[in-house]
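The values are calculated or read from the model by the stated rules, or taken from the named source; none is laboratory data. The shown structure was predicted, so the numbers you read here are calculated from the model rather than taken from an experiment. Cβ placement follows ideal geometry from the backbone for every residue including glycine, while neighbour counts extend to all protein chains displayed. Each accessible area value is taken on the protein alone, full model and side chains, heavy atoms only, with ligands, DNA and RNA left out. Shrake-Rupley method; radii C 1.70, N 1.55, O 1.52, S 1.80 Å.
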Amino acid sequence: MRANYRYLLLIPHTPTGILTKPHTPLRITPAARLTSPLITTRSKTKMALHPPQDGAKLIFAPTGAASAPLAPGQAAQFLKAEREGGLRRRDLDPTSPIAQFHKWFTAASESDISHPETCTLSTAQLPSGRVSARMVYMKELDAKGFVIYSNFGTSGKARDLFGSADGKSKGNPWASLVFWWEGVERQVRVEGRAERLSREESQVYFDTRARGSRIGAWASRQSQVLRPGEGEDDGRAKLKGWVEEAERRWEGEERIPVPEFWGGLRIVPERVEFWQGRESRLHDRFVYERVEEGGEERWTLERLSP
């Protein structure tokens with residue numbers, strides 16, 4: 001083989017031929033561009049990842065943790081649900097995705113998953129259709145839906161959901177949440193309409209936040225550009241000044257009111273999918289959809305192909 005790789009990964013020979021921990025890369029030549037590790041088996045040595053076809057691909061077919069017993073170029077299998085026979089319809093609440101989510105969230109919370117309330121909130125701007133996403137914390141779950149808290153005055157999510165003063169965004173109340181719990185190999189996708197909580201409801205949660213976080217909510221003009229100042233200042237000084245202003249405003253006040261531009265947002269679900277990882281990417285997927293029949297709403301439940 002020609003020495004056209006900058007780094008090679010030296011793998012000691014093992015009885016199984018399986019790499020069990022990462023090893024220090026050995027520099028071979030400074031002239032080449034591509035990186036491709038080697039893996040040693042009992043009979044031969046071969047590339048551990050699919051070799052890139054050209055120099056334009058910086059990442060190609062990553063396999064995740066180096067300690068996983070994987071064949072070259074193959075990602076890990078989802079196996080935790082296999083011994084229980086996977087996810088079946090009888091395992092799910094037949095009437096409500098909210099009840100089912102609460103059950104799964106409890107299981108995730110009791111596992112070693114850190115911050116199971118973490119989720120991705122996605123919104124779309126109209127009329128452009130441009131989508132944006134960000135990580136947020138779900139702070140409440142009730143019979144109506146999933147609640148997060150944020151700035152709804154200057155943020156991108158406010159622009160997408162409620163429109164902008166310049167008319168570039170018309171407002172699109174549809175949003176989605178995605179929860180990913182790798183430790184239990186589960187995913188939940190929520191699609192629905194967003195609605196603001198009242199200021200009184202938001203105040204209840206706001207009072208539980210640390211004082212610094214309440215001051216920060218007043219101080220930050222979320223997503224506004226912070227221009228560099230003098231010397232080494234890269235823009236952070238402007239934010240610091242806003243915080244100092246808010247500190248002076250609420251000095252000596254124990255109960256700080258929630259800002260009118262800040263508060264709770266409830267995603268009222270119309271569609272909720274529960275995903276359980278399975279072997280060979282043949283995952284279990286079940287989706288609840290809200291339907292109206294005879295003037296009454298109910299949830300349907302269907303299995304989807306992976």
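Step through the residues of region 149-164 one at a time and calculate ³J(HN,Hα) from phi using the Karplus curve (6.51 cos²θ - 1.76 cosθ + 1.60, θ = phi - 60°), rounding each to whole Hz and writing x for Gly and Pro.
My calculation for region 149-164 gives 10, 6, 7, 10, x, 10, 6, x, 5, 5, 4, 5, 7, 10, x, 10 Hz in order.
Of all the accessible heavy-atom surface of region 175-306, with the other protein chains kept in place and a 1.4 Å probe, what percent is carbon and sulfur?
Working: 3320 of 7710 Å².
C and S fraction of accessible area: 43 percent.
Which of the peptides 259-266, 243-250 is most tightly packed, and how do the rest follow, judged by the mean count of other Cβ atoms within 10 Å per residue? Please list the in-between numbers first.
Details: 259-266: 19.2, 243-250: 13.8.
Result, highest mean Cβ count within 10 Å first: 259-266, 243-250.
Relative to the present Cα-Cα distance, how much length would full extension add between residue 166 and residue 89 at 0.36 nm per residue of separation?
Numbers: separation 77, 0.36 × 77 = 27.72 nm, distance 4.82 nm.
Here the segment from residue 166 to residue 89 would lengthen by 22.9 nm.
From the cross-link list 57/139; 139/170; 57/157, which pairs have alpha carbons spaced over 30 Å apart? Don't skip to the end; give the middle numbers.
On the way: 57/139 39 Å; 139/170 27 Å; 57/157 32 Å.
Pairs exceeding 30 Å: 57/139; 57/157.
So, R0 is 30 Å and r is the distance between the beta-carbons of residue 114 and residue 75; what FRET efficiency does that work out to, to 0.05?
Values: r = 22 Å, r/R0 = 0.73.
Approximately 0.85, to the nearest 0.05.
For residue 133 and residue 230 in one chain, what is 0.36 nm times their gap in residues minus the Cα-Cα distance, to one decimal in nm?
Numbers: separation 97, 0.36 × 97 = 34.92 nm, distance 3.29 nm.
31.6 nm is the gain from fully extending residue 133 to residue 230.
I'd like the GluC sites (Glu not before Pro) in region 187-239 restricted to DSSP loop residues with at most 12 other Cβ atoms within 10 Å, sorted by number. Don't jump to the answer; show the numbers that get you there.
On the way: sites: 191, 195, 200, 201, 230, 232; in loops: 230, 232.
Those satisfying the criteria are 230, 232.
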